[in-house]
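Everything on this sheet refers to the single structure shown next.
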Amino acid sequence: MERFGFIGGRLLQAIPVVLGVTIVSFFILRLIPGDPVLVMLGTHYTPQRAAQLRANLGLDKAVWEQYYLFMRHLVQGNLGDSVYYRIPVGHLVWQRLPVTLWLAAYSTVIAIVISVPLATLSALRRNRVADQATRTIFLLAFAMPPFWIGLVLILVFSLHWHLLPISGYGSNVPDHLYNLFLPSLTIALGFAAILIRTLRNSILNVLDADYLDTARAKGLSQFRILRRHVLRNALLSGVTVIGVNLSYLIGSTVVIENVFALPGLGQLLASSIFTRDLSVVQGITLVFGLGVVATNLLTDVTYAALDPRVSYD
């Protein structure tokens, strides 16, 4: 019951956050120069058609009244219709969402696979060659723009070695894993730099703990101590880092999806900004905001479940 009460309280706290996301995204988009009516009509533009279309879309009303209509439709589960694609935004987002989820999840898994062994090696070889090399390489990876890393990987693995595709998503799970490996690796390299630094510091703190001397006195092997006592306690910080840095993953997916021509929410968001498709931009922004809120909640619950010293109060 304590856990369900905690989740309920966090969900209530998320309501003003989501409301703030809708307010910021709605009013900032109205400051962007350009007219969506011009995009829709194109060469068929006439003042009469433009006035009629603005009235149909509600663009002739005051901004606050437009926001009220947007929120009323949102409560009903309606994100509006796309000006450019001429279909409901909810349907459009639902079509593109799996690609972005695959990319974010795949990137997280690759980052964890890279980070845990390298952070462990770096901590056990503190201030030695392996430690310095790992920290330097991933510091450079974190400092480089993700799109530049993606272009370099395309040149090496796709154009030079012909091992991986430049773009595409695939139609089944093996195809997804194959086609999304390169863009996921691009995101994972920057994310792994954060994880390695955090895990290395956590492992170093655990290695100095007194209970490890007790474990050694009991005759436990070094591998068992490392697995059961060191990594188990040090990985708790990694859970928090993954949750906190979800915004990094989301920002990276927007860029990387455009670099690798992936049909996800990131590519849709970028193209909708250029075409002034306000309903689509608002819908995707809201989905990303809900994703961050949900991940933060899941992070708190997971951390409390893994560490009995943490309560739900």
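Computed from the coordinates by the stated procedures, all read-outs in this text should not be read as laboratory data. This is a predicted model, so every value here is computed, not measured. Backbone-built Cβ (ideal geometry, glycine too); neighbour counts: all protein chains shown.
Take the chain, connect every pair of alpha-carbon atoms lying under 10 Å apart with a spring to form a Gaussian network, then pick out the residue of T285, T302, T43 with the largest mean-square fluctuation.
Largest GNM mean-square fluctuation: T43.
If we sort 184-191, 291-298 on the protection proxy, mean other Cβ atoms within 10 Å, highest first, what's the order?
Answer by packing, highest mean first, reads 184-191, 291-298.
Relative contact order (percent) for the range 1-146, with alpha-carbon contacts under 8 angstrom and 6 or more residues of separation?
10 percent
If amide hydrogens are placed 1.01 Å from N in the peptide plane, which non-local residues have theirs closer than 5 Å to the one on D81?
V89
Provide the net charge surrounding A215, with neighbours chosen by a C-beta distance below 15 Å and charges set as Lys +1, Arg +1, Asp -1, Glu -1. Before the final figure, lay out the partial values.
Values: positive: R216, K218, R224, R227, R228, R232; negative: D208, D210, D213.
My count for the surroundings of A215 gives +3.
Expressed as a rounded percentage, what relative contact order does the chain have, with Cα pairs under 8 Å and six or more residues apart?
Working: 309 pairs, mean separation 83.4, N = 313.
Reported relative contact order: 27 percent.
Where the only charges are on Cβ atoms (+1 Lys, Arg; -1 Asp, Glu), what is the dipole of the chain about its Cα centre, to the nearest 20 debye?
Working: 23 positive and 15 negative charges, 132 e Å.
Using only the charged Cβ atoms, the result is roughly 640 debye.
Return the Cα extents of the range 172-313 along principal axes one, two and three, sorted largest first, each rounded to a whole Å.
Sorted from largest, the Cα extents of the range 172-313 read 67, 39, 27 Å.
K61 to A217: extension gain in nm, 0.36 nm per residue of separation minus the Cα-Cα distance?
Working: separation 156, 0.36 × 156 = 56.16 nm, distance 7.61 nm.
Working it through step by step, the gained length comes to 48.5 nm.
Pairs of Cα atoms under 8 Å, at least six residues apart: use those to get the relative contact order of the range 191-313, whole percent.
Worked out over the range 191-313, it gives 24 percent.
Once phi is turned into ³J(HN,Hα) by the Karplus curve 6.51 cos²θ - 1.76 cosθ + 1.60 with θ = phi - 60°, what whole-Hz value does each residue of the range 62-70 show in order, with x for glycine and proline?
Using θ = phi - 60°, the values come out as 5, 4, 5, 5, 4, 5, 4, 5, 4 Hz.
Give me the extension gain from I15 to T240: residue separation times 0.36 nm, minus the current Cα-Cα distance, reported in nm with one decimal.
On the way: separation 225, 0.36 × 225 = 81.00 nm, distance 2.19 nm.
Gain on extension, I15 to T240, equals 78.8 nm.
Apply the Karplus parameterisation 6.51 cos²θ - 1.76 cosθ + 1.60, with θ equal to phi minus 60°, to every residue of the range 102-107 and state each ³J(HN,Hα) to the nearest whole Hz, in sequence, with x for glycine and proline.
Karplus values, whole Hz, x for Gly and Pro: 4, 5, 5, 5, 4, 5.
Among the trypsin sites (Lys or Arg not before Pro) within the range 18-102, which fall in a DSSP loop and have no more than 14 other Cβ atoms within 10 Å of their own Cβ? Mind showing how you got there, number by number?
Details: sites: R30, R49, R54, K61, R72, R86, R96; in loops: R30, K61, R86.
Sites meeting the loop and neighbour criteria: R30, K61, R86.
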